[in-house]
1. Any idea how many residues of segment 99-136 are surrounded by 14 or more Cβ atoms within 10 Å (Cβ to Cβ) and polar (S, T, N, Q)?
2. With respect to G158, determine if the residue is of a type outside the set (F, W, Y), in contact (Cβ under 8 Å) with a residue 40 or more places away in the chain and at positive phi.
3. Being buried (at least 24 other Cβ atoms within 10 Å of the Cβ) and either under 19 Å from H91 (Cα atoms) or in contact with a Cys (Cβ under 9 Å, 6 or more places away or on another chain) (or both): is that true of V171 here?
4. Can you name the number of the only condition in (1) more than 13 Å from the ligand (Cβ to nearest atom); (2) surrounded by fewer than 13 Cβ atoms within 10 Å (Cβ to Cβ); (3) not β-branched (V, I, T) that E253 fails?
5. Collect the residues in segment 61-98 that are among the aliphatic types (A, V, I, L, M), over 16 Å from the mean Cα position of the chain (by Cα) and buried (at least 20 other Cβ atoms within 10 Å of the Cβ), keeping them in residue-number order.
6. Quick check on my filter: what residues within segment 179-201 are more than 8 Å from the ligand (Cβ to nearest atom) and either surrounded by fewer than 23 Cβ atoms within 10 Å (Cβ to Cβ) or among the β-branched types (V, I, T) (or both)?
7. Select from segment 99-133 the residues that are within 16 Å of the ligand (Cβ to nearest atom) and among the aliphatic types (A, V, I, L, M) and write down the one among them that is farthest from the chain's Cα centre (by Cα).
8. Which ones in segment 285-308 are more than 17 Å from S64 (Cβ to Cβ), of a type in the set (D, E, K, R) and not in a loop (DSSP other than H, G, I, E, B)?
Amino acid sequence: MVSRIGIHESVEAIFPANALRESLADVEPDVRVVTSDDLAAVDALVTFVYEDAFRDAGLEWIHSVQAGVDRFPLDELDAAGIRLTNSTGTHGDSVGETVAGYMLSFARRLHEHRGKQTRGEWAWPAHDAPFTVDGSSLCVVGLGTLGRGIAMRADALGVDVVGVKRTPLPVDHVNEVYPATDLHEAIADAKFVALAVPLTDDTRHLIGPAELDAMRDDAVLVNVARGDVVDQDALVDGLRDGRLAGAALDVFETEPLPADSPLWEMDEVIVTPHAAAANRDYPERMATLVRENVRRLASGDRLANLVV
Ligand code: NAD
């Protein structure tokens with residue numbers, strides 16, 4: 001039974017820790033904001049970062065405020081008897097809208113106009129640059145929470161949506177679902193390719209030189225998954241060589257994106273700071289997940305979003 005929940009100060013990178021504490025005022029366990037020095041005072045931890053000290057602190061349960069838990073040592077936590085839960089299921093709408101925004105920006109040239117605005121420049125884009133997303137095409141790689149949120153919004157905008165899924169069963173708003181083994185075929189005709197897979201041994205550098213070659217020359221790559229899902233050097237080369245037309249990137253091999261990265265300077269690259277899921281409702285959404293698992297812990301039910 002968990003009686004003291006710590007909210008690790010690292011969540012401040014995403015939202016005010018006290019906002020989550022206040023949202024959890026109704027749960028039975030004591031909830032407090034903690035630093036890594038206070039771990040002995042709690043038996044569960046809600047956190048953004050992972051530190052080895054968490055594994056050795058006698059915690060029963062760790063909740064990651066992110067969906068991706070690639071930074072957590074799953075085997076070690078399992079061996080230590082610590083349950084880890086994640087925040088998947090919460091970002092389909094926010095990330096879906098962000099990806100719709102990227103697509104609209106490329107189609108309607110909004111990033112280009114904004115760039116010109118900063119220079120006080122009044123000029124139309126090249127006559128053949130603007131298009132409508134209505135009638136364009138998108139391949140969503142990974143059809144979980146994010147992928148479905150992206151597909152639904154793209155479908156509503158008139159985009160022809162296909163997708164890639166390990167188990168290629170039908171998915172709403174996706175006209176054709178390809179198995180992971182047919183990735184090249186799935187991405188070959190898409191104007192937009194959106195990555196929404198977790199980072200695992202199977203998905204590291206899922207998009208490399210061969211996949212960039214398989215894509216259309218005028219394709220735009222969207223990565224809202226994890227930076228390492230893409231071979232970033234190959235992507236930079238591909239953008240320079242015109243092997244694809246552009247990219248909207250929320251995640252990078254190194255974050256923050258280093259100041260000397262060529263990606264900052266590319267006109268046809270939109271860089272966002274791992275903020276595709278940013279939302280003022282974030283603390284309340286986390287509170288809903290934590291509250292539900294506090295209830296399940298008390299009743300002995302299997303935890304929601306259990307990773308290990
Ligand atoms: P999810 O678990 O709901 O969905 C992931 C899907 O990818 C699952 O359906 C899984 O079967 C599928 N998948 C795994 N390997 C695959 C492969 N090789 N080919 C095709 N599909 C594969 O997770 P989610 O909430 O949709 O999040 C997905 C990932 O996106 C997270 O793991 C996280 O790394 C990242 N993410 C980023 C942000 C952001 O702010 N940019 C926000 C949330 C999640």
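Values in this text are rule-based calculations from the coordinates and carry no lab data. Please read all numbers here as calculations on a predicted model, not as lab measurements. Counting neighbours? That spans all protein chains shown, and the Cβs are built from the backbone with ideal geometry, glycine included.
1. Within segment 99-136, residues that are surrounded by 14 or more Cβ atoms within 10 Å (Cβ to Cβ) and polar (S, T, N, Q) number 2.
2. Against the criterion (of a type outside the set (F, W, Y), in contact (Cβ under 8 Å) with a residue 40 or more places away in the chain and at positive phi), G158 does not qualify.
3. So V171 does not fit the description; no.
4. The number of the failed condition is (2).
5. I62, L77, I82, L84
6. Hits for segment 179-201 are P179, T181, D182, H184, E185, I187, A188, D189, K191, V193, D201.
7. Only one residue fits best here, namely M103.
8. R295
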